[in-house]
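Data first, discussion second: the structure below is written as structure tokens.
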Amino acid sequence: RFTGGLIEGIVAGGNVQDEASSSLTETEFNTFIKTKAFNYGSSEKYFFCGSTILGYIDTFAAAKLHMVPTDKTYGIEVRKYLTSHGTLNIVKHPMFDGQFSGMGAVVDLSTLKHCTLQNRDTVLQTNIQDKDADAEADQYLTEAGLQRVNMEKNALLKGVA
């Protein structure tokens, strides 16, 4: 509850391209990749977006999208968009089909760190069942969140209609 969201962090970092309710063209997308997505950080990043943005990418980038058999893990399909600026792993995320439709977030995974609360790292708690229970229960408990660092390595594309 103290971390704040990914979108909030990217906006605070100022790395946002607003398409102002326009259609996304290949030129605009390439400008986004060059000036926002790969301006800082790793040469391989993840782009989480919904159906609106994916529809545009499918129309102009069919020859640039690559599927690798190992890219489907736990039911998530990842497409690689190869550019001279870096590799963009495109992942359809349902969050970007609802309230955040027309938005997409480029994430450099090195900017998110697992952070536990002080003295709250993972512990095994045994015998946590009710006193009158006919069973024995144990649990692992962790109190943690995500620490955001170097958010300028991430980018946000918004306003795509």
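The values are calculated or read from the model by the stated rules, or taken from the named source; none is laboratory data. All of these numbers come straight from a predicted model, not from anything done at the bench. Note that we place each Cβ from the backbone using ideal geometry, even for glycine, and neighbour counts take in every protein chain shown. Surface accessibility is based on the protein's heavy atoms, side chains included, excluding ligands, DNA and RNA. Shrake-Rupley method; radii C 1.70, N 1.55, O 1.52, S 1.80 Å.
A few notes on this one:
- Selection from the range 117-136 of residues that are open to solvent by less than 50 Å² (accessible area, probe 1.4 Å) and either within 24 Å of N89 (Cβ to Cβ) or in contact with a strand residue (DSSP E or B) (Cβ under 9 Å, 6 or more places away or on another chain) (or both): none
- Among (1) modelled with pLDDT of 85 or more; (2) assigned to a strand (DSSP E or B) - the single one T59 does not satisfy: (2)
- Being at pLDDT below 90 and in a strand (DSSP E or B) is not true of K45.
- Matching residues, the range 66-121, being part of a helix (DSSP H, G or I) and either closer than 20 Å to K36 by Cα or modelled with pLDDT under 90 (or both): P69, T70, D71, F96, L109, S110, T111
- Scanning the range 3-35 for residues that are assigned to a helix (DSSP H, G or I) and open to solvent by 50 Å² or more (accessible area, probe 1.4 Å) yields a total of 11.
- Of the residues making up the range 142-161, those that are closer than 28 Å to L117 by Cα, at pLDDT below 95 and not acidic (D, E) are T142, A144, G145, L146, Q147, R148, V149, N150, M151.
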